[in-house]
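Asker: Dropping a structure here in structure tokens format, bear with me for questions.
The values are calculated or read from the model by the stated rules, or taken from the named source; none is laboratory data. Quick caveat: nothing in here was measured; it's all calculated off a predicted structure. Note: ideal-geometry Cβ built from the backbone for every residue, glycine included; neighbour counts use all protein chains shown.
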Amino acid sequence: MAVVPFCECVRRPGYEMSEAPKSNALKPAGLSDGEIEDSAPVNADALLQSILGTGSEHFGIVAAVLRGERIIAQGVAGVRKRGTAERITIEDRLHLGSCTKAMTATLVAMLVEGGNLNWTTTLGELFADKVQPMNPAWEQVTLWQVLTHRCGLRFDPDGLARVFNLFRAPYANLRSGAELMRPPRSRLGTLPQQRLEIARQALSRPPSIPPGTKFIYSNEGYIVAGAVLEHLTGRAWEDLMRERLFQPLGISTGGFGPPGTAGKTDQPWGHSSVIGKPLDPGSPAAQFPWYYGPAGLAHMTITDWAKFIRLHLRGDPANPHCQAALLKLETFAELHAVGPTTTYLKGGVGIARDHLPGHG
């Protein structure tokens, strides 16, 4: 099961922003476009089932189609967990993974608009009183380079991060209703303290490549971006997500970490990309350390995720009906700007690729 990040479909070359698919499978017979706007979302279960075919016994898929401010079609097919009969539902909460990075970049944009910093603020300026010693190579690296994976930070943190990983507390059970899952306090300090420590470690050693020269996808970079948010606001990234994105957008199912209860299939399970087996949400194998939050730990329903997608599609300058909400139109233009093709490095393999803030 996967969710496509908004930045994969908004303005990448080869992708055209559209408000609804051309297929009549998602349009009720006999209804005009105006009548569709006033109707309930079309049920797309059968269409998704046809896409999965016999794979519906092993996989789950959820989809929603937006037109303007409304979901005009939605549906589900398949199972929550490979090898079980529990069907996935439209109310299920999905682990967004690296789509979370787009939300973190949006939070940074809010601080830019608030005058707390700007896109060219450097790590040297941001952490002058917090990260000592800082390798001189990082002092002129800009926040924009961090968000666009062009600063030379590694794919994942190491060092003390591995120690954190050994002592992380188990994930709490998902609570019902509008309650949000709160990360536990670690014996190694609060999450802002842990993220700041990871920033200290990362910025004390030299970059893996000269900053600004290549695109290297970096979870570590977004953990550092989370530390920037926390340093400037005095608030944990999780609280900023709730206060500045979830609540204003009406996202009631947002939370962090693998959704679901340990030992139960009350939510979709993740599956190992190595062995293909389902991972119990209470298993250490299913859990990233909590400090990874800004890089990829948000979860919510597809209908709530659509509210965030809608925010960016509506604000995108390519939309002839663009409108500002939460951010100014010029800020959306900055977030959605496509950079030049660069070399993407991961695991020693180079791939030509375009980049956007949070691109995953």
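Asker: Could you please find all residues in region 284-332 being part of a helix (DSSP H, G or I), out of contact with any helix residue (DSSP H, G or I) (no Cβ under 8 Å at 6 or more places or on another chain) and within 14 Å of Ala102 (Cα to Cα)?
Answerer: If the condition is that a residue be part of a helix (DSSP H, G or I), out of contact with any helix residue (DSSP H, G or I) (no Cβ under 8 Å at 6 or more places or on another chain) and within 14 Å of Ala102 (Cα to Cα), then Ala306, Arg310 are the ones that fit.
Asker: Would you confirm whether any residue within region 84-94 is at pLDDT 95 or above, among the hydroxyl-bearing types (Ser, Thr, Tyr) and buried (at least 23 other Cβ atoms within 10 Å of the Cβ)?
Answerer: No, every residue in region 84-94 fails to be at pLDDT 95 or above, among the hydroxyl-bearing types (Ser, Thr, Tyr) and buried (at least 23 other Cβ atoms within 10 Å of the Cβ).
Yes/no per residue for (1) in contact with an Asp or Glu (Cβ under 6 Å, 6 or more places away or on another chain); (2) surrounded by 20 or more Cβ atoms within 10 Å (Cβ to Cβ); (3) at pLDDT 95 or above; (4) under 22 Å from Asp156 (Cα atoms):
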position: Gly263; (1), (2), (3), (4): no, no, no, no
position: Lys307; (1), (2), (3), (4): no, yes, yes, no
position: Thr343; (1), (2), (3), (4): no, no, no, yes
position: Val349; (1), (2), (3), (4): no, no, no, yes
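Asker: I'd like to know if region 234-249 contains one or more residues that are over 18 Å from the mean Cα position of the chain (by Cα), at pLDDT 95 or above and assigned to a loop (DSSP other than H, G, I, E, B).
Answerer: Yes.
For every residue, the table says whether it meets (1) modelled with pLDDT under 95; (2) within 30 Å of Glu220 (Cα to Cα).
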| residue | (1), (2) |
| --- | --- |
| Lys22 | yes, no |
| Val42 | no, no |
| Leu47 | no, no |
| Ile72 | no, no |
| Met103 | no, yes |
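Asker: Let me ask something else. Here's a check for you: in region 113-128, which residue that is assigned to a helix (DSSP H, G or I) and aliphatic (A, V, I, L, M) is surrounded by the fewest Cβ atoms within 10 Å (Cβ to Cβ)? Give the derivation first.
Answerer: Step one: list which residues in region 113-128 are assigned to a helix (DSSP H, G or I), which gives 113, 123-126.
Checking which are aliphatic (A, V, I, L, M) leaves us with 123, 126.
Working: Leu123: 26, Leu126: 21.
Among those residues, the one meeting the criterion is Leu126.
Asker: Do we find a residue being among the hydroxyl-bearing types (Ser, Thr, Tyr), modelled with pLDDT of 95 or more and either loosely packed, with under 14 Cβ neighbours inside 10 Å or not in a helix (DSSP H, G or I) (or both) anywhere in region 173-185?
Answerer: Within region 173-185 (the criterion being among the hydroxyl-bearing types (Ser, Thr, Tyr), modelled with pLDDT of 95 or more and either loosely packed, with under 14 Cβ neighbours inside 10 Å or not in a helix (DSSP H, G or I) (or both)), the answer is no, since none of the residues qualifies.
Asker: Restricting to region 136-159, name every residue that is within 15 Å of Ser218 (Cα to Cα) and part of a loop (DSSP other than H, G, I, E, B).
Answerer: Val141, Thr148, His149, Arg150, Cys151, Gly152, Leu153, Arg154, Phe155, Asp156, Pro157, Asp158
Asker: Next question. So which of Val76, Val131 ends up being touching a helix residue (DSSP H, G or I) at 6+ places or on another chain (Cβ under 9 Å), assigned to a loop (DSSP other than H, G, I, E, B), hydrophobic (A, V, I, L, M, F, W, C) and within 29 Å of Gln287 (Cα to Cα)?
Answerer: Among Val76, Val131, only Val131 is touching a helix residue (DSSP H, G or I) at 6+ places or on another chain (Cβ under 9 Å), assigned to a loop (DSSP other than H, G, I, E, B), hydrophobic (A, V, I, L, M, F, W, C) and within 29 Å of Gln287 (Cα to Cα).
Asker: Of the residues that make up region 260-270, is at least one among the hydroxyl-bearing types (Ser, Thr, Tyr), within 18 Å of Cys99 (Cβ to Cβ) and in contact with a strand residue (DSSP E or B) (Cβ under 9 Å, 6 or more places away or on another chain)? Walk me through how you get there before you give the answer.
Answerer: Looking only at region 260-270, we keep the residues that are among the hydroxyl-bearing types (Ser, Thr, Tyr), and these are 261, 265.
So of that shortlist, the ones also within 18 Å of Cys99 (Cβ to Cβ) come out as none.
No: zero hits.
Asker: Go through region 215-236 and report how many residues are of a type outside the set (A, V, I, L, M) and touching a strand residue (DSSP E or B) at 6+ places or on another chain (Cβ under 9 Å).
Answerer: 2
Asker: Which residue is farthest from Phe246 (Cα to Cα), if the candidates are limited to region 76-105 and must be basic (Lys, Arg) and in contact (Cβ under 8 Å) with a residue 60 or more places away in the chain?
Answerer: Arg82
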